[in-house]
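Asks: Supplied in C-alpha cells, the structure appears directly below.
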Amino acid sequence: MQKVVVFSQLDAEILARLQQDYHVVQINPKLGDVQQQLLEHAQDADGMIGAGRVLNATNLHTARRLKVISSVSVGYDNYDVDYLTKKGIQLCHTPHVLTESTADLAFTLLMSVARQVGHLDQWTKTGQWQRTVGAAQFGQDIFAKTLGIIGLGHIGAAIARRGFYGFNMNILYHNRRAKPEFASSLNAQYCELNDLLQRADFVVLAVDLNADSNALIGAKELGLMQKHAVLVNIARGAVIDEQALIEALKSRQIFAAGLDVYQHEPLQQSELFNLDNVVTLPHVGSATLSTRKKMAELAYQNLVEALAGRTPAYVVKP
Ligand code: DGY
C-alpha cells in the first residue's frame, strides 16, 4: 500500500477517502516536533497532501520515493520548487476554484477599511456613540473611484470585475505583462508601478510572491500613495515591508490598510494590533465552506492521479 503523509488539517471526507486506499499518516503538532515528524515520515512516503507548511531540503532530504506533494492552495511560495524538481517530486496546487472567494474577500477588506467598519464597530460597542459622528468617523467613497490592482492574474481580474461592474471604478493595473484583453472589457489601463501608486484611490495586491514581488511595497512606494488611499493585501505578507507599512499607517501617510496576509503567520504580536486604521484578518482569502471543499477535492484528485502514475491536472511548472 502506498503511504500518504497529511501535513495539515484536511477535510474529513477527503481524509476518510484517502484512508480507504492508502496508508495515511497525519503530522500532528500535539505529538511533538513537527520537523522531526516530517523527516521521519518523508522517508518512506509516496505522496504528501496539505497546506501552510514550508517544505524544502531541511525537512524532505530523507525522502527516498516521494512522487508528489499536493498542496491545498493556489500559492506555492512555501515550497522549494527547484529542490523538488531536482528530486523528481511533482508539486501540485489548486488554482481557479478559489478565485471568486478570494476576490470577494479583497472587496470585503476594501469596503470595510474604506468605511472604517472594524473601528466604528468597536467605537459603537464601547459606548462612544454619544451624539452625532464627526470627521474622525468619516470614510472614503468607493463608487467611481480609481482601483489599482497589482498582479492581474485570475484573482486580480476577478477583483477588477467587481470594481468595474459593481462600483463603476476606473481600473488601473500593473502586471509582468500588459493584458490588452482587459483594456477592452474593463477599460483597464496598464501602468508602471509608481504611476499606479500615485493615481489609485485603492491599491490591491494580488500578485504571486516571487523574487520580483518580494518587498515590492516599501517606504518609498507607500510614500507615493495618496493620503486618502487604502491599501489591501490578499497576496502574501512578504510583498509588503510590514514595518514600513506600520510607520505609514501611524503617521497617516495613507488612510488605512486591509490585510489578510503577513510576513510571519500566524500573526501573534504586532504593532498592527494597536492601530485603528488597519483591519487584520487571519489569512482567510479562500476560507468559505464550499471553496475549501473544492480545494480539498482538487488536491485529492491531483494526489491520486500522480500516485497512479498519471499526469495531474495542476502541476506547478518549475
Ligand atoms: C492560497 O491558496 O494560496 C491562498 O493563500 C489560500 O490559503
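The values are calculated or read from the model by the stated rules, or taken from the named source; none is laboratory data. For clarity, every value in this text was computed on a predicted model and none was experimentally measured. Note that each Cβ is placed from the backbone with ideal geometry, even for glycine, and that neighbours are counted across all protein chains shown.
Asks: Kindly indicate whether any position in the range 167-186 is small (Gly, Ala, Ser) and touching a residue at least 24 places away in the same chain (Cβ under 8 Å).
Replies: So far as the range 167-186 goes, no, none of its residues is small (Gly, Ala, Ser) and touching a residue at least 24 places away in the same chain (Cβ under 8 Å).
Asks: Sticking with this structure for a sec: Show the residue pairs that are 6+ apart or on different chains and have beta-carbon atoms under 8 Å apart, the first residue being within the range 228-252 and on the phi > 0 side of the Ramachandran plot, the second being of a type in the set (D, E, K, R) and surrounded by fewer than 23 Cβ atoms within 10 Å (Cβ to Cβ).
Replies: From residues that are on the phi > 0 side of the Ramachandran plot, the pairs are Arg252/Lys227.
Asks: Which ones in the range 43-62 are part of a loop (DSSP other than H, G, I, E, B) and within 16 Å of the ligand (Cβ to nearest atom)? First the steps, then the outcome.
Replies: First, the residues of the range 43-62 that are part of a loop (DSSP other than H, G, I, E, B): 43-46, 51-54, 56, 61-62.
Hits for the range 43-62 are Ala51, Gly52, Arg53, Val54.
Asks: Can you find a residue that is touching a Pro at 6+ places or on another chain (Cβ under 6 Å) and modelled with pLDDT of 95 or more anywhere in the range 88-104? Walk me through how you get there before you give the answer.
Replies: Step one: filter the range 88-104 for residues touching a Pro at 6+ places or on another chain (Cβ under 6 Å), giving 92.
Still in the list and also modelled with pLDDT of 95 or more: 92.
Yes, the range 88-104 has at least one match.
Asks: Quick check on this structure: which one of Asp260, Asp276 is under 26 Å from Trp123 (Cβ atoms), within 13 Å of the ligand (Cβ to nearest atom) and not assigned by TED's automatic domain parsing to the domain that holds Phe7?
Replies: On inspection, the qualifying residue turns out to be Asp260.
Asks: Name the residues in the range 11-42 that are loosely packed, with under 14 Cβ neighbours inside 10 Å, among the polar types (S, T, N, Q) and not in a helix (DSSP H, G or I), would you?
Replies: Listed by number, the list holds a single entry, Asn28.
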